[in-house]
Amino acid sequence: MTAITDMVDLETRDGIAVLTVNNPPVNALSHGVRLGLRDGIKQAHEDDAVKAIVIHCAGRTFIAGADITEFGKPPKEPGLHGVLDLIEGGPKPVVAAIHGTALGGGLEVTLACHYRVGIASARFGLPEVKLGLLPGAGGTQRLPRVVGVEKALEMITSGNPIGGDEALAVGLVDELVAGDLADGAVAFANKVVAEGRPLKKIRDLDDKIAAVRGKPEVFEKFRKSIARRTRGFEAPEANIQCVEAAVNLPFDEGLKRERELFMQLMTGDQSKAQRYFFFAEREAAKIPDVPKDTPTIDVEQVAVLGAGTMGGGIAMNFLNAGYPVTLIETTQEALDRGLGVIRKNYENTAAKGRLTQDDVEKRMALITPSLSLTDARDADMVIEAVFENMDVKKDVFARLDQVCKSGAILATNTSTLDVNEIAESTNRPQDVIGAHFFSPANVMKLLELVRGEKTSDTTIATSMSIAKKIAKVPALVGVCYGFVGNRMLHQRGREAEKLMYEGAKLQDIDRVLFDFGFPMGPFAMGDLAGLDVGWRIRKETGAKSPVADRLCEMGRFGQKTGAGYFKYEAGNRTPVPDPEVEQIIKEEAEKLGIQQREIDEDEILDRLVLPMINEGAKILDEGIAIRASDIDVIWVYGYGWPVYRGGPMFYADLRGVGAIRDRMLEFKDRFGGDAWEPAALLNKLADEGKSFTGQ
Ligand code: NAD
C-alpha cells in the first residue's frame, strides 16, 4: 500500500488499482483527498500492470460531500472538476465502490466513474439544495443522464438520498455487492476488463434525457408540484434550470450553465444564510460551561403529566423514539380524550402511508395511561404539561418531589412561568429544567430548554441528549418572561397591533410577513391559535386590547368559530378580509385618537422585525441566550423564520447593525416612546462596526 497523500492510499490487487480515501469522519472532499485522487489516478493510468481502478473509502462511509470548511475560501488546486475529468476521460475503467452515504461531491465523484457498485445499505444523494446551492461538479448534468429527468429533479430539488435497492432500480448503480465491498468491486472491475466492456461515460449518454427534449411541460409540471414546499427559495429553481440545460444543451455547455448558476447561488445571500444556519444548529448543541464529558442519566422510562394540546404531542415524540410513556391525567375523560387525539394523529399518518398499522399499534402500546401521579415513580424523566397556573404547577412539582426516584429529571413545559419558582417547590431544584415545546409539539422541531439558577449540568446534558433522541433541535436559554422566542414574538405582536390602529390593513400586515417567508402573519396566526386564549388572560389581568376584545365579545374566536380577525368559509382555512372588522378597527382607532394613514410595505416589515432584533440584543446582553446564532435557531425552528434569511440576528447582520440602528432612530423620531430606543448591545456593535453573529 502506498500513501499518495495523508488522505488517500493506493494498492494494486489482482491487476486492479484500489484507491482508498481515508479522511475521517465522513471522507469529505478536502484538498488532500482531491490531490490524492488525482495523483493516484495518474499513477494507475501510467502503470501498465493496472487494468482498471477502484475508488473506495475507509471508515463508515463513502465520500459524504464537500469539505464545507473550505467554502468561501480561495479555491485550492486541484479543483474537483479537473479530478473528475481525469477519472472520466482516462483510458482505464474506474469503478466506484460505495458504502455509507455517497452525498454531494461524493456522488458526483461516482458519476464521473465508468461503473458504480455498492452495498444495499448505501445511500445516494445530492443534498446541496439544503445549503441553498446546487451540485456544482457536474451532478446536475450527469444524474439525469443516468436516472432520467423526473427522478433527477426529485433527488436534486429535495436533497433527499435514495437507498441501494432504489439506486439499482433506477440505474444509478450497476450492481449491489454482498460481502466485502472492496473485494466485490475488484471482482467487478476484473469482470469489466475480461468482458471488454466499454468505458461508460455518463456525459455521452443521451437516451434518458432525449425522452424529455422538446417537452417543457415536464418541467412546468414539476415546478408546480414543489411550489408550496420551496416558496421563497432560490436554489430549487436554479437546480431545475440546470437539469433543463442538461436536456437542451450539449454536455459542456450544460456544465458551463451549472457553473454560472452555482456561482450565483454561492455568492448570494440565501446560501450564505443557509450555510450559516447549518453551523448555527450544530453550535447550539454546545454549552460552554457544561463540558462534553458531563455524566448523563440513562432515560428509559418517561412520564408526561397532562394529556391536553401539548402533553399529547410531547408524549408522541417519545413514543416515536421508542420510549415507554406513562401518561397521567386528572380525569378519565381528559385521559380518554388525550389518548384519542394521539391515536387519531397516528391513524392520519398511517392513512397517508407514512406509518404502518402495526407501527400505530406498537406506539399506542408503549403508553401506560394513569390517573395517579404516583405512577411517575419509575420515570427517569417527567415532563409536566398541565394548566398554565403557578399554584397548580407548584402543587404538581411538590408531589413529584415526593414520588419520583432520586435523580429523575423534572421538566416543565411552562411558556410564561418562572422556572426557578417552580424548582423551589421541590427539594431538588438541581433536577428541574424548563422543556418548552412548541405547538404542535409532535411536529415543531424546536425545544427551548430553560436552565434555572440551580439546574445541574447533568440535568442540562441529559435533556440536551434526550432532545436529540426525540428528533428535536434543542437550544438552551435562561429564565425570563417568555424566554427567548415568545419574548421576541411579543415585540412583533405589539407593533402589529399598532400598525393595525394606524391604518395598515390586517391582510397587508400578514402578507408582508408571508412574502418575507413566514408561513403566516400574526393575525392569521391569532385566528389559528384562538383569540379567546388571550382574551381570558386579559380578563384576569385587567389588560385591554380593544379590537381583539370586541371580536371575542362577538364570539369571533378565530378559525374554530369561522371568524376572528378574518372570516373563514366552511371547510376552508383561507383568511378572508372582513369589512365589519375594518369598521371596528376604525372606530377603536378613533376612540384612541389615532389618525389612520397609508403605510408602505417597507415600514410594515421594519416595524415588525426591528423590535425583535432589538429585543434579541437585550436577550444576548442579559445572557439569556448563549449566542446570537441560538436565537436564530429558535426563530427558524420554533416560529417559521425562513431559513434562507438565517434568523433575525443574521438578518440584522446582513443589513448591517448600523443600518438597523439608524432605522430604529428614525422610528424613534417619528413615533417616540421606549420601544424604539436601541438596546445597549445594538448601539455598541453599531459603534464598533461589528455584527451579532460574526458574519
Ligand atoms: P391544555 O389545557 O390543553 O392541557 C392541560 C391538561 O393538563 C388538561 O388536559 C388537564 O386535564 C391536565 N391537567 C391539569 N392538572 C393536572 C394535574 N395535576 N395532573 C395531570 N394533568 C393535569 O393546555 P396546553 O395547551 O396543553 O398547555 C399545557 C402547558 O404547556 C402549559 O403550561 C402551557 O403554558 C404550555 N404550552 C402551551 C403551548 C400551546 O401552544 N398550547 C405551547 C407551549 C407551551
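The values are calculated or read from the model by the stated rules, or taken from the named source; none is laboratory data. Bear in mind the structure is a predicted one, so any value in this text is a computation, not a measurement. Because the Cβ atoms are built from the backbone with ideal geometry, glycine has one as well, and the counts that use them run over all protein chains shown.
Of the residues that make up the stretch 452-459, is at least one of a type in the set (S, T, N, Q), within 12 Å of the ligand (Cβ to nearest atom) and not assigned by TED's automatic domain parsing to the domain that holds Val636? Write out each step before concluding.
Filtering the stretch 452-459 for residues of a type in the set (S, T, N, Q) gives 455-456, 458-459.
If we keep only those that are within 12 Å of the ligand (Cβ to nearest atom) too, we end up with none.
The answer is no, given that none of the residues of the stretch 452-459 is of a type in the set (S, T, N, Q), within 12 Å of the ligand (Cβ to nearest atom) and not assigned by TED's automatic domain parsing to the domain that holds Val636.
Restricting the stretch 296-332 to residues that are among the polar types (S, T, N, Q) and under 16 Å from Val396 (Cα atoms), the residue that is nearest to the ligand (Cβ to nearest atom) is Thr330. How many of the residues making up the stretch 562-593 are closer than 26 Å to Arg487 by Cβ, surrounded by 14 or more Cβ atoms within 10 Å (Cβ to Cβ) and not hydroxyl-bearing (Ser, Thr, Tyr)? Number satisfying all stated conditions: 1. Only one of the numbered conditions (1) β-branched (Val, Ile, Thr); (2) part of a strand (DSSP E or B); (3) free of Cβ contacts under 8 Å to residues at least 60 places away in the same chain; (4) under 25 Å from Val192 (Cα atoms) is violated by Val18, and that is (3). Residues in the stretch 569-605 that are aliphatic (A, V, I, L, M) and out of contact with any helix residue (DSSP H, G or I) (no Cβ under 8 Å at 6 or more places or on another chain): Ala570, Val576. Restricted to helices (runs of 4 or more DSSP H) entirely inside the stretch 167-286, those with at least 3 residues that are in contact with a Phe, Trp or Tyr (Cβ under 7 Å, 6 or more places away or on another chain) are 269-283. Loosely packed, with under 15 Cβ neighbours inside 10 Å, under 22 Å from Leu111 (Cβ atoms) and touching a residue at least 24 places away in the same chain (Cβ under 8 Å): does that describe Phe71? Judged against the criteria, Phe71 is a match. Taken together, the criteria place Ser439 among residues that are assigned to a loop (DSSP other than H, G, I, E, B) and within 14 Å of the ligand (Cβ to nearest atom). Of the residues that make up the stretch 362-372, is at least one outside any loop (DSSP other than H, G, I, E, B), within 10 Å of the ligand (Cβ to nearest atom) and at negative phi? Yes, the stretch 362-372 contains at least one residue that is outside any loop (DSSP other than H, G, I, E, B), within 10 Å of the ligand (Cβ to nearest atom) and at negative phi.
Set side by side, the residues Ala189, Ala182 differ, and just one is touching a Ser or Thr at 6+ places or on another chain (Cβ under 9 Å), closer than 19 Å to Gly15 by Cβ and at pLDDT 95 or above, which is Ala182. For Phe318, the conditions (1) buried (at least 20 other Cβ atoms within 10 Å of the Cβ); (2) more than 23 Å from the chain's Cα centre (by Cα) are fulfilled apart from (2).
Among the residues of the stretch 333-346, some residue qualifies, meaning at least one is part of a helix (DSSP H, G or I), away from the ligand (no atom under 15 Å from the Cβ), at pLDDT 95 or above and surrounded by 14 or more Cβ atoms within 10 Å (Cβ to Cβ). When Arg123, Arg142 are checked against the criterion of being of a type outside the set (A, V, I, L, M), under 22 Å from Leu37 (Cβ atoms), in contact with a Ser or Thr (Cβ under 8 Å, 6 or more places away or on another chain) and in the same structural domain as Lys201 (by TED's automatic domain parsing), Arg123 stands alone in meeting it. Would you confirm, using the coordinates I've provided, whether Ile422 is at pLDDT 95 or above and within 11 Å of the ligand (Cβ to nearest atom)? Yes: the conditions hold for Ile422.
Counting the residues of the stretch 509-527 that are surrounded by fewer than 17 Cβ atoms within 10 Å (Cβ to Cβ) and assigned to a helix (DSSP H, G or I) gives 3.
Counting only residues that are surrounded by fewer than 22 Cβ atoms within 10 Å (Cβ to Cβ) and either within 13 Å of the ligand (Cβ to nearest atom) or under 21 Å from Lys472 (Cα atoms) (or both), the stretch 426-436 holds 0 of them. State which residue is nearest to Val33 (Cα to Cα) when the search covers only the stretch 88-120 and only residues that are in a helix (DSSP H, G or I) and more than 24 Å from the chain's Cα centre (by Cα). Within the stretch 88-120, the match that is nearest to Val33 (Cα to Cα) is Val109.
Assess whether Val547 counts as being under 26 Å from Gly232 (Cβ atoms) and at pLDDT 95 or above. Answer is no for this residue.
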